[in-house]
Amino acid sequence: MQRVFSGIQPSGIPTLGNYLGAIRNWVPLQDTHDAIYCVVDLHAITVWQDPKELQAQTREMAAALIACGLDPARCILFVQSHVHAHARLAWIFNCVARLGWLNRMTQFKDKAGKDREAASAGLYVYPNLMAADILAYRATLVPVGDDQKQHLELANDIAEKFNHDYGVPGFFPRIEPLIQGVAARVMSLRDGTKKMSKSDPSDQSRINLTDDRDTIALKIRRAKTDPEPLPEQVGGLESRPEARNLVGILAAVTGTTPDAVLREHGGKGFGSFKEVLVEALVGHLSPIQAEMTRLLGDPGALDAALRQGAARAAAIADPIVTEAERVVGFLPR
Ligand code: TYM
């Protein structure tokens, strides 16, 4: 069975973008693939995280993933720092990846902002750790949103260079991104050219999976739009990024296509369209929220599930990374 790996940072509450672009697509893969999912706390600390909040957010993220449909009995779900193989392999990859490759990463440029000198070294080598996450399991399929594509190309470059330099063809496999659906890139509610992000300073820019009805209604009503009514066809969404985003979100949440949404709502103004969108979002998210609250009511059970997940993950990754260390020439422990 093909092995799938994906991860999500516990750097805030998961957003509708995380859900529609990634998490939701992880659920069916549990039944068709050998699926491994990880809350990546090592990645989260590449930018400052308050320690108490990081702990709470790591649990919340795990609860959100289970509430969205990940089942620790049907997939491996764990926290990255609990499996040391990730950091061990990441170090080796820090020595395989070239500075020139990392310099091309657009996410580093975005996240580091203007004051690049003040960014952490961890943020710079972030993609090497991501490659280690996947290749420590020899996973070959990685379901992600569109923004992760460049990192996955780099992971393939790292695998290829490792295999070549150490003369071990095929030691690490090629990985393939799985970027699915109309919502592979959900945009900010305040600016249709920026992606929706859990770390955006404006809470108004995103829908959090935990937002209640009133908050969702307020954010959608205030979402930026243009003065024109909705077009009758998707072609009419060109150069209207905010309209395209809201249509895409409704299509994704109701399981249809932008075409079908416009057949129903084309010609309407945004006022009535937004009310439909609010109802769809509330209907979709409230069962997830109820389940999340239930899971967070028993942190002991949640932690136990994560510990078990980590043990199962380590059983796969440890032998692979130990073999990689032997290939590199480290003396066996
Ligand atoms: P993170 O935590 O930023 O996001 C988790 C997943 O959500 C997707 N995503 C989106 N999809 C659509 N629209 C959006 N606005 C949006 N925002 C986020 C992301 O593409 C991602 O799939 N580097 C990764 C975490 C990671 C990882 C890995 C992923 C670490 N190791 C190994 C895959 C494999 C990240 O920052 O995700």
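What follows draws every value from the coordinates through simple rules; no lab data is involved. Since we're looking at a predicted model, the values are computed, not measured. Every residue, glycine among them, receives a Cβ derived from its backbone with ideal geometry; neighbour counts consider all protein chains shown.
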Look through the stretch 160-178, keep the residues that are touching a residue at least 40 places away in the same chain (Cβ under 8 Å) and in a helix (DSSP H, G or I), and return whichever of them is surrounded by the most Cβ atoms within 10 Å (Cβ to Cβ).
PHE162
Please find, among GLU275, GLU264, GLU228, the residue that is without any contact (Cβ under 8 Å) to a residue 40 or more places away in the chain, in a loop (DSSP other than H, G, I, E, B) and out of contact with any Asp or Glu (no Cβ under 6 Å at 6 or more places or on another chain).
GLU228
Restricted to the stretch 179-207 and to residues being polar (S, T, N, Q) and in contact with a helix residue (DSSP H, G or I) (Cβ under 8 Å, 6 or more places away or on another chain), the residue surrounded by the most Cβ atoms within 10 Å (Cβ to Cβ) is SER188
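Go through the stretch 130-150 and count every residue that is assigned to a helix (DSSP H, G or I) and more than 9 Å from the ligand (Cβ to nearest atom).
Total meeting the criteria: 2.
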Limited to the stretch 177-218, what total is found for residues that are charged (D, E, K, R) and farther than 23 Å from LYS149 by Cβ?
6
